[in-house]
Amino acid sequence: MASPKLSVIIPVHNESANIAPLCERLLPVLNRITSMWEVIFVDDGSRDDTLERIRAVSRTEPRIGAVSFSRNFGKETAIAAGLDHARGEAVVIMDADLQHPPEMIETFVERWKEGYDMVYGQRTDRSDETRVKRGFAHLFYRLFARFGEIELPPGAGDFRLIDRKGVEVLRALGEKARFSKGLYAWIGFKDTGVPFVVEERRFGTTKWSFRKLFRFAFDGIAAFSTAPLRVWTYLGFVISFMSIATAIYFMVRTLLFGTDLPGFPSLIVSVMFFSGIQLMSLGIIGEYVGRIFAEVKRRPLYVVAERIGGAAEVSTSLVSDDFRYRRA
Ligand code: UDP
Ligand code: MG
């Protein structure tokens, strides 16, 4: 089979019911663009029959393939694996739940042909999400804009087209704690956004719990052994808050009933406050130590259980390794 021009990579985790409707809508779009396309599903440790469904569509359409992980490694890692296996001149990343309208890919490709190396979908509203989630997202982006080293375009997510140049650079970034949105911005290149409206999830439920999102916001991806270090950060937060509550309590009490031991309330409040701050800063140092630990272990990013279709032509190794980008 000739090398494909356009690759579409789709991370899937328990998306059984979405595979067929997605293909039904995606394939006509791809066929309008070129016949030299490939679709690579990255099965991120699904526990339902997602992989069987993919196998079924792959039998009738060999341009559809899959990389199946040995367990759930997370969406960020699934994207990395997709980039490792994609062969196209341009690579599109999209979700499986039809929240990313496949028709947009035509616009992405037009833009790419105009000379943009990175074309991202820019969601125009977040009304599909709960208010709390939106609030936290807003806070996260504010903080990121303030303290992050790079600028994230507003509303941009993983739904995007990346030119081969960009793909090679992304693959060369060997880091384990992957925050793709940051990496896309970090590599630079000429980029542009295309606004779109996020559709309702087709089947199933979101795979992102609040806790998962929080952790994602915190460090990108599962660094499972930093948890004991991390506890102190939260404890520090709690104690700092408690000290403020205590301060208010003593203030109100003193105003209403006077004081029985001068100096005592302020002493307790400041002890609590500073021990809170100390724990918090220790925790934050712990975060970084934990990340360094994860990086120096040099574990492979993911473990492949099986490859289907075109994805199998790329590599036979069961693990991603840090030398993968040096492959000829
Ligand atoms: N996903 C994944 N691994 C995970 C969680 C999610 O591959 O651990 C995939 C999921 O199957 C979907 C995409 O990532 O194709 C986006 O997930 P989801 O729709 O649950 O996120 P949301 O749209 O709610 O942000
Ligand atoms: Mg979704």
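Is it fair to say SER46 is more than 24 Å from LEU213 (Cβ to Cβ) and among the polar types (S, T, N, Q)?
No, not satisfied.
Could you check, for the stretch 87-100, whether at least one of its residues is of a type outside the set (D, E, K, R), within 13 Å of ligand 1 (Cβ to nearest atom) and either part of a helix (DSSP H, G or I) or over 26 Å from GLY45 (Cβ atoms) (or both)?
no
Tell me whether the stretch 159-181 contains one or more residues that are hydroxyl-bearing (Ser, Thr, Tyr) and more than 16 Å from ligand 2 (Cβ to nearest atom).
The answer is no, given that none of the residues of the stretch 159-181 is hydroxyl-bearing (Ser, Thr, Tyr) and more than 16 Å from ligand 2 (Cβ to nearest atom).
For the stretch 285-305, check the following and say yes or no: at least one residue is of a type in the set (Ser, Thr, Tyr) and more than 29 Å from ALA86 (Cα to Cα).
Yes - at least one qualifying residue is present in the stretch 285-305.
Counting just the residues of the stretch 101-124 that are of a type in the set (Asp, Glu) and open to solvent by less than 60 Å² (accessible area, probe 1.4 Å), which one comes out farthest from ligand 1 (Cβ to nearest atom)?
Ranking the candidates gives ASP117 first.
Among SER7, SER16, SER35, which is over 15 Å from PRO101 (Cα atoms), more than 16 Å from ligand 2 (Cβ to nearest atom), in contact (Cβ under 8 Å) with a residue 24 or more places away in the chain and among the small types (Gly, Ala, Ser)?
SER7
Suppose we filter GLU168, GLU110, GLU175 for residues that are part of a loop (DSSP other than H, G, I, E, B) and charged (D, E, K, R); which single one remains? Quick ask: steps written out before the conclusion?
Working: GLU168 fails: part of a loop (DSSP other than H, G, I, E, B); GLU110 fails: part of a loop (DSSP other than H, G, I, E, B).
Only one candidate passes the filter, namely GLU175.
For the stretch 297-321, which residues satisfy the criterion of being modelled with pLDDT under 80 and either part of a helix (DSSP H, G or I) or exposed (fewer than 15 other Cβ atoms within 10 Å of the Cβ) (or both)?
So the first thing to find is which residues in the stretch 297-321 are modelled with pLDDT under 80, and the list is 297-299, 310-321.
If the condition is that a residue be modelled with pLDDT under 80 and either part of a helix (DSSP H, G or I) or exposed (fewer than 15 other Cβ atoms within 10 Å of the Cβ) (or both), then LYS297, ARG298, ARG299, GLY310, ALA311, ALA312, GLU313, THR316, SER317, LEU318, VAL319 are the ones that fit.
Let's see how each residue does on (1) open to solvent by 70 Å² or more (accessible area, probe 1.4 Å); (2) within 16 Å of ligand 1 (Cβ to nearest atom); (3) at pLDDT below 75:
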{"residue": "GLY220", "(1), (2), (3)": "no, yes, yes"}
{"residue": "PHE237", "(1), (2), (3)": "yes, no, no"}
{"residue": "LEU267", "(1), (2), (3)": "yes, no, no"}
{"residue": "ILE277", "(1), (2), (3)": "no, no, no"}
{"residue": "MET280", "(1), (2), (3)": "no, no, no"}
{"residue": "GLY283", "(1), (2), (3)": "no, no, no"}
{"residue": "TYR288", "(1), (2), (3)": "yes, no, no"}
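Okay, residues lined up against (1) exposed (fewer than 14 other Cβ atoms within 10 Å of the Cβ); (2) at pLDDT below 80; (3) of a type in the set (Asp, Glu):
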site	(1), (2), (3)
ALA156	no, no, no
ILE162	no, no, no
VAL169	no, no, no
GLU175	no, yes, yes
THR192	no, no, no
LYS212	no, yes, no
PHE216	no, yes, no
SER240	no, yes, no
THR259	yes, yes, no
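Go through the stretch 113-154 and give me each residue that's modelled with pLDDT of 90 or more and either part of a loop (DSSP other than H, G, I, E, B) or of a type in the set (Lys, Arg) (or both).
LYS113, GLU114, GLY115, TYR116, ASP117
The values are calculated or read from the model by the stated rules, or taken from the named source; none is laboratory data. This one's a predicted model, so the numbers in the text were calculated from it and none came from an experiment. Reconstructed Cβ throughout: ideal geometry from the backbone, glycine too, with neighbour counts over all protein chains shown. These accessible areas exclude ligands, DNA and RNA; they are computed on the full protein's heavy atoms, side chains included. Shrake-Rupley method; radii C 1.70, N 1.55, O 1.52, S 1.80 Å.
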